[in-house]
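The values are calculated or read from the model by the stated rules, or taken from the named source; none is laboratory data. Bear in mind the structure is a predicted one, so any value in this text is a computation, not a measurement. Note that we place each Cβ from the backbone using ideal geometry, even for glycine, and neighbour counts take in every protein chain shown. In case anyone asks, the SASA skips ligands and DNA or RNA and just uses the protein heavy atoms, side chains included. Shrake-Rupley method; radii C 1.70, N 1.55, O 1.52, S 1.80 Å.
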Amino acid sequence: MATLSEKPGQRYTVPDWHTNSHLISADAERQRSASHRVRQEGRVLRNEANNQAKWDEHDNRTRLAERISSVKRWKETLDKCLADINAEIDALAKVKEAAECALQAKNLPLDVSIECLTLRESRRDIDLVRDPVSEELHKEVKVIEKSKRELQQKVHEAFEQLCLLQEARQQLSGDHRDKVEALDIDLSCLSLSVNSPNISFKVNPTRVPGGTISSDEWERYSLCNKERAEAEMKASTLLREATLLAIAQTNNELEAQRVATEFALRKRIRDLDRAYDELKWQEKNTLEEIAEMEEDIQRLEEDFRRKIQDLKVAHTRLETRTCRSNMELCRDQVQYGLTDEVHELEGLIRALRQKLAESQDALDALYRQHHRLQRDMGFKANSLMLDNKCMDIRRKLLVPAEKSVPQPDTFNRTRNRALSPPPPPPCAGEKDTG
């Protein structure tokens with residue numbers, strides 16, 4: 001029979017076998033317990049992680065929504081501020097343009113006043129007087145130049161204020177543009193989810209970018225931009241009101257001065273008319289007196305000649321009677337009468353000669369006075385013509401502004417232009433045709 005062979009190796013006892021079974025069971029129990037604990041901890045961690053991630057995502061979504069709402073509020077505020085500042089810039093630009101037009105419109109009154117002053121320098125002799133018209137014209141020039149300086153200052157201030165407004169608008173526009181961009185970014189972030197196709201890991205996403213500021217600084221920046229824009233708009237409003245007031249005030253002052261100047265000019269024309277009429281009346285009476293004086297001188301000369309003839313007759317009678325002879329050569333009443341007649345005629349001739357000389361002197365004085373009257377009438381006619389021409393020139397000031405305001409030119413204004421010298425007076429005996 002064949003024998004049973006045994007495999008070589010170590011043999012265990014039954015207790016060893018039981019011990020090994022108990023060890024394996026204990027290890028299995030321990031591993032199951034550890035696995036259960038790990039499973040429970042995993043579930044707890046998973047729940048906590050899910051909850052934490054969910055609440056973190058919810059909180060950050062809420063923060064994003066609040067941030068979006070805050071940015072939207074500031075964007076709307078900046079929108080309104082930009083609209084207000086744009087309207088203020090347009091309003092100030094219109095006021096500045098009105099001031100420039102008013103400034104340009106002052107050139108015509110200034111030229112008219114200087115032209116009137118220059119024209120009135122052509123008055124001659126005694127009529128070249130510094131009368132109220134000249135004073136009012138000089139006042140008018142000063143008022144216009146003062147108005148131009150004030151308006152030029154307002155134009156300069158408006159230009160500077162426009163620059164400040166545009167600078168503030170630029171700051172607002174940049175801030176508004178940044179907020180629009182930030183709003184788009186935050187809205188894009190708010191729309192992201194785990195199912196979004198464009199999510200991925202980024203390199204060092206928790207870094208703090210350079211130039212990052214705090215929320216308070218962000219708030220203060222927009223608030224400063226808004227407050228600066230409001231301050232500039234307030235200053236612009238005050239400047240607009242002051243500019244419009246200056247335009248109205250300068251126009252009123254110029255109109256009042258124009259009325260005063262034209263009142264003085266009309267009064268001067270009336271005075272010249274009266275003076276010319278008075279001179280005309282005096283000339284007429286002087287001519288009548290000259291005619292009467294010439295007639296009287298002619299009569300005096302005739303009487304003087306007759307008295308000379310009468311004296312000759314008396315002399316001849318006396319001389320002839322000296323030829324009487326002897327006792328007839330007596331001093332009778334005829335002799336006494338003829339002698340008295342000679343003395344009387346000689347006295348009359350002397351009186352007539354003196355009166356004739358006085359009459360001739362008076363006639364010469366009348367001729368001189370007539371020449372003086374004609375000369376002065378020429379001066380008055382010339383002055384009257386000049387002042388009437390000044391009135392015609394000043395009618396330009398009553399033409400509508402769009403027709404009377406000249407285009408701006410490149411030559412210097414006539415502000416400091418020297419007045420032309422008056423022409424020489426006419427020669428003696430020459431009649432003035434002015």
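Scanning region 41-52 for residues being of a type outside the set (A, V, I, L, M, F, W, C), open to solvent by 70 Å² or more (accessible area, probe 1.4 Å) and either in contact with a strand residue (DSSP E or B) (Cβ under 9 Å, 6 or more places away or on another chain) or over 20 Å from Val194 (Cα atoms) (or both) gives a total of 2.
So which of Arg67, Arg73, Arg32, Arg37 ends up being of a type in the set (Lys, Arg), in contact with a helix residue (DSSP H, G or I) (Cβ under 7 Å, 6 or more places away or on another chain) and part of a helix (DSSP H, G or I)?
So the residue among Arg67, Arg73, Arg32, Arg37 that is of a type in the set (Lys, Arg), in contact with a helix residue (DSSP H, G or I) (Cβ under 7 Å, 6 or more places away or on another chain) and part of a helix (DSSP H, G or I) is Arg67.
Taking region 302-317 as the range and being of a type in the set (Val, Ile, Thr) and open to solvent by less than 70 Å² (accessible area, probe 1.4 Å) as the test, the residues that pass are Ile308, Val313.
Picking from residues in region 106-115 that are in contact with a helix residue (DSSP H, G or I) (Cβ under 7 Å, 6 or more places away or on another chain) and surrounded by fewer than 20 Cβ atoms within 10 Å (Cβ to Cβ), the one that is nearest to Val155 (Cα to Cα) is Leu108. Only one entry in Tyr336, Tyr367 is within 14 Å of Thr286 (Cα to Cα) and aromatic (Phe, Trp, Tyr), namely Tyr367. If you go through region 256-286 and keep only what is open to solvent by 50 Å² or more (accessible area, probe 1.4 Å) and of a type in the set (Ser, Thr, Tyr), you end up with just Tyr276. Of the candidates Arg130, Arg149, Arg123, the single residue that is surrounded by fewer than 15 Cβ atoms within 10 Å (Cβ to Cβ) and either at pLDDT 95 or above or not in a helix (DSSP H, G or I) (or both) is Arg130. A Cβ distance below 9 Å, combined with a sequence gap of six or more or placement on separate chains, defines the contacts here; from region 211-234, residues that are over 20 Å from Ala87 (Cα atoms) reach residues that are modelled with pLDDT under 90 and open to solvent by 80 Å² or more (accessible area, probe 1.4 Å) in the pairs Tyr221/Ile213. For region 108-121, a residue qualifies if it is touching a Leu at 6+ places or on another chain (Cβ under 9 Å) and over 14 Å from Leu272 (Cβ atoms), and the qualifying residues are Leu108, Pro109, Val112, Ser113, Ile114, Cys116, Leu117, Thr118, Leu119, Glu121.
If you go through region 368-424 one residue at a time, how many are modelled with pLDDT under 80 and of a type in the set (S, T, N, Q)?
Summing the residues that are modelled with pLDDT under 80 and of a type in the set (S, T, N, Q) in region 368-424 gives 7.
With respect to Glu160, determine if the residue is open to solvent by 50 Å² or more (accessible area, probe 1.4 Å), under 26 Å from Ser70 (Cα atoms) and not small (Gly, Ala, Ser). Here the answer is no, as Glu160 does not meet what is asked. Scanning region 53-85 for residues being within 14 Å of His176 (Cα to Cα) and either open to solvent by 80 Å² or more (accessible area, probe 1.4 Å) or touching a Lys or Arg at 6+ places or on another chain (Cβ under 9 Å) (or both) gives a total of 12.
Ala275 meets all of the listed conditions (1) within 57 Å of the chain's Cα centre (by Cα); (2) at pLDDT 90 or above but one, namely (2).
Each row is one residue, and each column tells you yes or no for (1) open to solvent by less than 90 Å² (accessible area, probe 1.4 Å); (2) assigned to a helix (DSSP H, G or I); (3) among the small types (Gly, Ala, Ser).
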{"site": "Pro197", "(1), (2), (3)": "no, no, no"}
{"site": "Cys224", "(1), (2), (3)": "yes, yes, no"}
{"site": "Ser236", "(1), (2), (3)": "yes, yes, yes"}
{"site": "Arg240", "(1), (2), (3)": "yes, yes, no"}
{"site": "Leu254", "(1), (2), (3)": "yes, yes, no"}
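In region 384-393, is there at least one residue being of a type in the set (Asp, Glu), free of Cβ contacts under 8 Å to residues at least 40 places away in the same chain, open to solvent by 30 Å² or more (accessible area, probe 1.4 Å) and more than 30 Å from Glu283 (Cβ to Cβ)? There is no residue in region 384-393 that is of a type in the set (Asp, Glu), free of Cβ contacts under 8 Å to residues at least 40 places away in the same chain, open to solvent by 30 Å² or more (accessible area, probe 1.4 Å) and more than 30 Å from Glu283 (Cβ to Cβ).
Filtering Glu136, Glu167 for residues that are within 30 Å of Ala99 (Cβ to Cβ), assigned to a helix (DSSP H, G or I) and open to solvent by less than 70 Å² (accessible area, probe 1.4 Å) leaves a single hit, Glu136.
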